[in-house]
Structure formats: structure tokens, C-alpha cells
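Worksheet: one structure, shown below.
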Amino acid sequence: MIKITRYLSVQRLLLAGTAILFSIPVFSQGIVAPAAPGFDVENLAIPHGKIDTISYYSKTVGHNRKAITYTPPGYSKKIKYPVLYLLHGIGGDEREWLNGGKPQVILDNLYAAGKLAPMIVVMPNGRAMKDDRPIGNIMSRDKVAAFSTFEQDLLNDLIPFVEKKFSVHQDRDQRAIAGLSMGGGQSLNFGLGNLDKFAWVGGFSSAPNTKTPQELVPDPEKAIRMLKVLFISCGASDNLIVNSKRTHDYLKKNKVPHIYFIEPGVHDFKVWKNGLYMFSQLLFKPVDTASFSKYPVSGVPASTNIGSNQYPQILSDHRVVFKVQAHEATKVQVDLGKKYDMIKDESGSWRATTDSVGEGFHYYSLIIDGVAVADPSSKTYYGMGRMASGIEIPFAAGTYYALKDVPHGEIRIKKYFSKITNSWRQLNVYTPPGYDAQINEKYPVLYILHGGGEDETGWASQGKADLILDNLIAVQKAKPMIIVMPDANIGGPAFGEWGLKAFESELKDVVIPLIENSYRTKNDAANRALAGLSMGGMHTLYTGLKNTDMFAYLGVFSSGWVVPRQNTIADEQYAFMKLNKDKINNNLKQFWIAMGGKADIAYNNCQLMLDRLREVKVNYAYQEYPGGHSWPVWRNNLYKFASLLFM
């Protein structure tokens with residue numbers, strides 16, 4: 001039985017007007033523009049739709065449930081209509097859209113402007129349980145679980161009820177689903193999970209209940225074939241944007257047509273009303289998927305920002321917008337490898353927009369009246385010989401270092417007294433998932449070294465070594481291993497032989513014994529590896545090649561002896577290798593060298609080194625990964641190298 005609770009004015013609706021309204025031809029359209037002011041203001045001079053409350057029995061819940069319906073101006077049982085199911089958030093119910101979003105006003109205005117295909121909108125309660133009120137602890141386990149249960153209520157109870165009580169089409173091409181926040185997650189989960197039921201899917205600021213992209217779209221080809229429109233929107237300053245962004249990245253990688261619209265805003269109805277305004281105009285019409293990629297993406301706060309700071313912001317083309325408050329300054333620049341002058345605005349804030357920046361992690365500094373300082377809005381990292389700001393540019397192919405729902409290891413800090421430096425020092429240690437539980441298990445060890453101007457935190461923070469190994473181990477592409485990240489800054493000139501010898505002693509006489517006495521390790525060469533980037537690569541060459549009875553695996557990333565500065569050291573190394581080539585080749589299971597392409601500052605030195613290695617007949621493997629002398633390259637190097645170890 002349909003219970004009517006409210007009517008919107010329809011007195012002025014004339015049959016002739018109705019005929020004109022619904023005879024507007026529907027054409028394929030280009031980009032739908034965001035809403036202009038007034039889009040959600042009621043206009044008494046136009047025809048209005050009708051808001052009702054329906055009650056239906058849910059076999060899923062075992063109880064009567066309610067939903068709100070909107071029927072368009074001039075609704076007639078002689079006409080069959082498509083249906084949009086519009087879902088609320090975790091703190092709402094079937095009336096949330098009505099109370100906060102004015103959907104009837106938005107849709108009425110769009111009908112009057114001839115921008116909407118006539119449709120029925122159903123706003124259900126997405127919390128499928130007997131007491132479905134948003135009271136008490138809305139985050140309790142049973143209430144959160146009820147949002148998942150709603151999938152069965154929707155498919156098996158509500159949709160059949162609507163199709164019996166209203167004059168509606170009953171095929172997937174005439175059925176859409178969309179929602180805000182928790183309802184956005186439901187819409188993506190249920191819509192993409194039931195492509196035989198829905199051809200039009202929209203998620204506005206989708207919440208963490210959103211399934212992983214791989215679960216949402218396990219078969220991209222099927223999604224490409226069956227979806228009419230997939231619309232994903234979010235506010236640029238919404239802390240939940242990660243759910244939308246990861247879905248977008250996966251869809252883009254797999255070439256699934258979709259609209260990704262990011263606008264200035266947070267997690268509120270301003271964004272959600274605009275989502276409904278735009279999405280509804282796309283529904284039940286011919287669409288041009290070629291226009292999908294042209295929707296604007298507002299600047300998104302970098303993931304490396306501290307707290308709720310809005311800047312730096314990353315634009316869709318990977319340009320970066322910086323903003324800083326420095327009212328007394330006379331000149332401000334941002335140094336991101338290239339220096340950009342910042343412009344002072346009327347409020348006293350300084351702004352600059354960079355060129356497109358490469359994907360991955362980059363150091364940067366603000367230069368205020370000639371003094372390089374860290375940006376107070378960003379996280380800081382020890383790099384360039386001091387604490388510097390860092391920014392992470394999203395990388396669609398960087399899933400191998402993404403935080404995923406897999407078992408995780410731990411980064412531990414180990415303090416120790418060094419007899420080499422006669423001082424207290426510390427190193428970072430990664431222990432693999434299950435280390436504390438598998439008390440009888442012993443593990444191989446990778447000792448990995450940072451570059452010049454960095455320290456033991458480099459691989460743990462900038463390098464994301466823990467996430468790389470977690471993900472590799474989860475899919476059985478790497479053996480569970482311990483990773484030791486020491487501080488290679490031992491004193492003295494970084495590239496002089498004294499420093500190289502001192503660190504060799506530190507590693508052999510202090511660090512390795514410390515690790516093997518403190519952790520459950522396999523203590524033979526076959527279960528030890530040594531690797532490093534840049535300066536750490538030089539340490540690997542110097543220490544590793546002379547000690548192949550200790551290390552069966554060596555990894556050299558973006559490195560090579562510096563010519564002519566290290567010619568004497570290099571010549572002694574090559575002489576040693578020539579005399580001991582058979583031992584080196586027999587002992588090493590991997591001598592793996594990688595470079596960041598010709599843009600890598602170590603490229604020429606590395607090529608000279610490779611020539612000499614061939615001369616002295618020492619075997620090696622070599623690969624290049626484009627990106628220059630940077631952390632995106634070294635993360636990939638670790639990803640590739642770790643998969644070769646201890647097999």
C-alpha cells in the first residue's frame with residue numbers, strides 16, 4: 001500500500017505543458033557543467049513532482065520497511081519510467097536526501113529546463129535491519145553490517161515492490177543507483193557487483209565501505225561492455241577522497257570509461273547535491289564516453305600534507321599548487337628541483353603553480369628571503385643533508401607500494417653502541433608479517449643502504465620498503481625476509497676511502513653481529529643480501545664485492561664509481577675483481593645493477609663501470625627504469641630486486 005505523506009504543488013501543471021515537457025528530444029550530450037547558483041532554490045512557477053512514502057515488506061529483514069519516492073511532474077501510469085535508487089550516508093535514513101539535499105527541487109528545476117529524462121527516484125533506508133533508525137552508536141558492528149545486508153533487501157524486496165506498484169521499466173538499461181558517502185560505497189558495491197541489474201552507477205564521496213577496485217571491477221572488459229555511465233565525484237578536501245581516487249586509478253589503468261569529477265569542497269551536501277545535479281542529467285540518454293575524461297579535477301591535497309592542510313594541491317595533470325603564509329617576506333620561491341617564484345595575493349598568501357611533476361616522491365623546500373626552509377604544511381624527511389619537505393605525486397602504476405589489505409610487517413628502531421664510531425647509533429629493521437608468531441622460523445636478511453644526504457629512515461619513509469615487501473610477500477613473489485636499514489653516515493668524506501672502509505667495518509663487525517644476536521636470522525652468505533642506492537650503491541660495491549663469502553646477492557641502484565674523483569678506489573676495485581673473478585662469479589647468485597635511465601645523474605659513471613666489469617669478466621644483470629635519480633626509481637628497484645632474493 002502506498003502511503004502519501006507530502007505533495008509538492010502540481011496545481012499549475014497543464015496537460016499541454018506536460019506534453020511539451022516530455023516531448024523534448026533526448027540527444028547525446030557532452031560535458032555536464034557543475035550546478036550554477038540557484039539550482040537548488042524552489043521555483044513556484046514551474047511544474048513540480050511529488051514526494052511520497054512507501055511501505056514494503058522485506059523478506060530479507062523480516063519486517064516492514066519504508067522508502068521515499070519522487071515521481072516526476074505529470075507522472076502517468078500510462079507511461080513507463082526508468083528508476084534511480086538514491087542512497088543516504090551512515091548517519092542518515094530514507095529522509096536524509098530529502099532533509100539535506102532538496103532532490104525534489106533540483107530535479108524539478110532540471111525538468112523545467114529540459115535537461116532531464118523523466119524518471120522515478122526511490123530513496124530507501126540502506127540500513128537493512130528491524131530497527132533501522134540512525135540512533136545510538138551508528139558505527140556499531142550490527143548497524144554497519146546492515147548496510148551490506150541492504151544489497152539483498154534492494155535486489156530481492158524493494159526493486160520487485162517498486163516494479164509492481166509503479167509504471168516502470170524493468171530492464172537494467174532503465175535502472176540506476178547512486179548515493180552519498182556510505183551510500184556511495186553501497187552504490188559502487190551493489191551497482192558494479194550487479195551489472196545485470198544496473199547500467200548507471202554513481203558514487204558521491206564514497207566511504208571506506210567501498211570495496212577495493214579489484215573487487216568492484218574484477219572483469220574490466222565486462223564493465224566496459226555493460227556500463228552506460230559510471231560517475232565518481234568527491235570534494236577535493238574530503239578526507240575520504242582516497243576511496244574515489246583509488247577506484248579512478250584502477251579504472252583508468254584498465255581503460256574502463258568513467259567520469260571522475262573532483263570539485264572544491266569537503267564531505268557535505270554541497271558536493272552531494274552537485275553530484276546528483278550532474279549525474280541525473282546523464283541518465284537514460286545516449287552518452288558520449290569520449291567526453292568522460294574531459295571532466296575537470298580540482299586540486300587535491302597531497303597525501304603528504306600534515307593533518308587538514310589544503311596545500312600543496314596536486315592537479316589532474318600533476319602540476320602542483322603551493323601556498324604559504326609569509327606576510328613579512330619580500331621574496332618567496334618553491335624549490336622542487338626547479339625554482340618557481342611565488343606571487344603574493346591580496347590576503348598576504350604566496351602562491352605558485354609548478355610545471356607537471358613526475359609521479360612518486362620528491363623533496364622540496366620553500367625559499368623565503370633566500371633561506372631554504374621546510375613547508376609547515378607538509379611532512380618532513382631527512383634528505384639533502386637536512387630535514388626537507390616531501391610530496392607524493394600519485395602514481396597509477398604504484399600499487400606495489402600502496403597500503404593494502406594484506407598482512408603487514410613492522411618497522412622497528414634498534415639502538416646500539418658502535419665501537420667503530422665510539423657513539424650510540426640506531427638503525428631501522430623491517431620484520432615480515434608473522435615474525436612474532438612464527439617463533440621457530442628463521443629468516444634471510446637484506447641489508448639496504450640509503451643515499452647521500454639521507455640516513456637510516458630513508459628506505460623506511462621515502463622508500464616505503466615495508467609496504468613493498470608486505471605486498472610482494474602477500475602474493476608470494478618474495479620470500480619473507482628481514483630488512484636492515486643502517487645509517488651509512490659514518491664520518492669523514494662520504495666518497496673517500498676512509499668512509500668506505502669505516503662503514504665496511506661498521507657493517508661487518510657491528511651491525512651484522514647485532515642483528516644476528518637480536519633477531520632470528522639465517523646466518524650464511526646464501527641468506528644475506530646487500531644493496532644500496534647512489535652513495536649506498538658505492539658502499540655495496542666496496543663492501544660487497546670483497547666479501548662475497550658473506551653476501552650472495554648484491555644490488556646497486558643508480559650508482560657507479562665517480563670519475564675522476566674515485567679513480568684510484570675504482571682501479572683498486574677492478575684489479576681485485578680481475579684477480580678474483582671466478583670466486584665472485586661463483587659466489588654471487590645475483591649481481592644486479594639498475595639505473596634510472598639517461599636522466600639519472602649517475603648514468604655515465606654507471607656505464608663506464610659496466611664496461612670495466614665486462615673487461616674483468618665479472619657477471620652482472622642490468623636494467624633501467626625511467627625516472628632519473630629519484631625515489632620512484634629506487635622503490636621500483638627494490639620491488640624488482642627483492643623478488644629475486646633467496647629463491
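The values are calculated or read from the model by the stated rules, or taken from the named source; none is laboratory data. All values derive from a computational prediction rather than experimental measurement. For neighbour counting, all protein chains shown are included, and Cβ atoms are generated from backbone atoms with ideal geometry for every residue, glycine included. With ligands, DNA and RNA removed, areas are computed over all heavy atoms of the protein, side chains included. Shrake-Rupley method; radii C 1.70, N 1.55, O 1.52, S 1.80 Å.
Some observations on this one:
- The alpha carbons of region 378-508 stretch over 43, 41, 21 Å along the principal axes, in descending order.
- For the chain, a simple Cβ point-charge model (Lys and Arg +1, Asp and Glu -1, everything else neutral) yields a dipole of about 1480 debye relative to the Cα centre.
- Every Cα-Cα pair in region 415-485 was counted, and those over 14 Å apart are 65% of them.
- Here region 533-647 is described by how far its Cα atoms reach on the three principal axes: 38, 36, 20 Å, from widest to narrowest.
- For region 180-188, Karplus couplings with θ = phi - 60° (6.51, -1.76, 1.60), whole Hz, Gly/Pro x: 10, 6, 4, x, x, x, 4, 4, 5
- Calculated Rg and Dmax of region 455-597 using C-alpha coordinates, Å: 15.4, 45
- 3J(HN,Hα) along region 464-473: 6, 4, 5, 5, 4, 6, 3, 5, 5, 5 Hz, from the Karplus curve 6.51 cos²θ - 1.76 cosθ + 1.60 with θ = phi - 60°, whole Hz, x for Gly and Pro.
- With θ taken as phi - 60° and the Karplus curve 6.51 cos²θ - 1.76 cosθ + 1.60 applied, the whole-hertz 3J(HN,Hα) list for region 413-419 is 9, 10, 9, 7, 9, 9, 6 Hz, x standing for glycine and proline.
- Here, region 412-454 yields an orientationally averaged convex hull projection of 4.5 nm² when only Cα atoms define the hull.
- Only helices enter this figure: runs of n ≥ 4 DSSP H residues, each worth -39500 (n - 2.57), summed and divided by the residues of the chain, yield -7500 deg cm²/dmol at 222 nm to the nearest 500.
- For region 95-157, the solvent-accessible area works out to 39 Å² per residue, with a probe of 1.4 Å and every protein chain left in place.
- Take the Cα radius of gyration of region 56-194 and divide it by 2.2 N^0.38 Å, N being the number of residues; the result is 1.03.
- Where labels lie 7 Å past Cα in the beta-carbon direction, separation of residue 549 and residue 421 in nm: 2.9
- Ratio of Rg to Rh for region 120-254: 0.97 [Cα atoms; Kirkwood radius as inverse mean 1/r over pairs].
- The residue 319 and residue 405 beta-carbon pair, evaluated with R₀ = 30 Å, returns a calculated FRET efficiency of approximately 0.40.
- Placed amide H near residue 402: partners under 5 Å, 5+ positions off or other chain: none
- Residues listed by number, region 344-386, amide nitrogen under 20 Å from residue 495 label point at 7 Å toward C-beta: 383-386
- Near residue 645: Cβ cut-off under 10 Å, other residues only, Lys/Arg at +1 and Asp/Glu at -1. The net charge is +3.
- Long-range amide H partners of residue 261 with built H, under 5 Å: 232, 233, 234
- Pairs over the 24 Å Cα-Cα cut-off, from the set 522/546; 80/130; 479/522; 80/252: 80/130; 80/252.
- The residue 583 and residue 610 beta-carbon pair, evaluated with R₀ = 22 Å, returns a calculated FRET efficiency of approximately 0.60.
- Between residue 144 and residue 63, the simple spin-label model (points 7 angstrom out along Cα→Cβ) gives 2.0 nm.
- Area accessible to solvent at residue 40, 1.4 Å probe radius, in Å²: 30
- Normalised alpha carbon radius of gyration of region 196-282 [divisor 2.2 N^0.38 Å]: 1.04
- Inter-label distance, nm, simple model (7 Å from Cα along the C-beta direction), residue 353/residue 224: 3.3
- Rg(Cα)/(2.2 N^0.38 Å) for region 249-294, N = residue count: 1.30
- Computed over the alpha carbons of region 281-357, Rg followed by Dmax gives 17.0, 56 Å.
- Residue 525/residue 253 FRET efficiency (R0 35 Å; Cβ-Cβ; nearest 0.05): 0.30
- Per residue, the convex hull volume that the Cα atoms of region 586-635 enclose (Å³): 71
- Kirkwood hydrodynamic radius over Cα pairs of region 553-612, then Stokes diffusion coefficient at 37 °C and 0.692 mPa s, in µm²/s: 266
- Model label zone, residue 372; criterion: amide N under 19 Å from point 7 Å along Cα-to-beta-carbon; scope region 329-344: 331-342
- Principal-axis tilt of helix 631-642 within the chain, Cα atoms, nearest 10 degrees: 70
- Taking region 31-54 and a reference point 7 angstrom along Cα→Cβ of residue 294, the backbone N atoms nearer than 16 Å belong to 31-34.
- Share of pairwise Cα-Cα distances greater than 18 Å in region 31-121 is 53 percent (whole percent).
- Largest-first principal axis extents, alpha carbons of the chain, Å: 98, 62, 45
- Ordering of 86-98, 283-295, 380-392 by burial proxy (mean other Cβ atoms within 10 Å per residue, highest first): 86-98, 380-392, 283-295
- When region 110-225 is described by a simple charge dipole with +1 on each Lys and Arg Cβ and -1 on each Asp and Glu Cβ, the residue from 138, 158, 217 located farthest towards its positive end is 138.
- Cross-link pairs 414/640; 77/273; 270/338; 165/245; 442/589 - those with Cα-Cα distance over 32 Å: 270/338; 165/245
- Selected from 248, 300, 181, residue furthest toward positive end of dipole (region 172-313; charges at beta carbon): 248
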